[in-house]
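Remarks on the structure that follows.
The values are calculated or read from the model by the stated rules, or taken from the named source; none is laboratory data. It should be emphasised that the depicted structure is a prediction, and the values quoted were computed from it without experimental measurement. No Cβ is skipped: glycine too gets one built from the backbone with ideal geometry, and neighbour counts run over all protein chains shown. Ligands, DNA and RNA are stripped out before the accessible areas are found, and what is left, the full protein with its side chains, is counted by its heavy atoms. Shrake-Rupley method; radii C 1.70, N 1.55, O 1.52, S 1.80 Å.
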Amino acid sequence: MHRLDQGMATTAAELLPEVPPEHAKELRTRFRQLPVQLHTSGLAATYAFLAARSKADDTDRLKRAYAEVAQLIRRRLADQGLLPPGLRTVPAPEVHRKVLAELGGMDTDRYARASAETALLFSWLRRLADAVYAEERT
């Protein structure tokens, strides 16, 4: 039997992209900001930010990382029954409109649960990014 945070740690670890050292600091900074952004702006606004910054097929690793985080949010919320599972097959950018419509239509309790699930994911991304993209000491 595993605790919920063990699964989230594994999921977050699989998400962290391999990046060259010159991009590690920027990616670490972005992952550090996600929990704060979620807390201050809310889930819908944070998801919209990720969607606006993402491009799944881009060679820019930061844009791909944003796309992967948005996808992970969708997958996690669908697994928890908070988003329709059919969203997994909808291509971007249409999927972003559909997710935002779903988030906007949630009742308060459901939205709070979706936000809590996302907050847990973000906390693990932040922790792992700090470990994986460690600052180089000179």
### Selection count, the stretch 76-126, where residues are under 20 Å from Gln37 (Cβ atoms), in contact with a helix residue (DSSP H, G or I) (Cβ under 7 Å, 6 or more places away or on another chain) and free of Cβ contacts under 8 Å to residues at least 12 places away in the same chain
0
### Message
With the requirement that a residue be under 15 Å from Ala65 (Cα atoms) and modelled with pLDDT of 85 or more, what does the stretch 118-138 give you?
### Response
Leu121, Phe122
### Message
Looking for something open to solvent by 60 Å² or more (accessible area, probe 1.4 Å), charged (D, E, K, R) and within 15 Å of the chain's Cα centre (by Cα) - is there at least one such residue anywhere in the stretch 72-87?
### Response
yes
### Message
Taking the condition of being out of contact with any Gly (no Cβ under 9 Å at 6 or more places or on another chain), crowded, with 16+ Cβ neighbours inside 10 Å and within 22 Å of Phe31 (Cβ to Cβ), how many residues in the stretch 104-118 meet it?
### Response
3
### Message
If a residue must be touching a Leu at 6+ places or on another chain (Cβ under 6 Å) and within 15 Å of Leu43 (Cβ to Cβ), how many such residues does the stretch 120-136 contain?
### Response
1
### Query
Which one of Ala45, Ala51, Ala9 is within 19 Å of Arg113 (Cα to Cα), modelled with pLDDT of 75 or more and surrounded by 13 or more Cβ atoms within 10 Å (Cβ to Cβ)?
Ala45
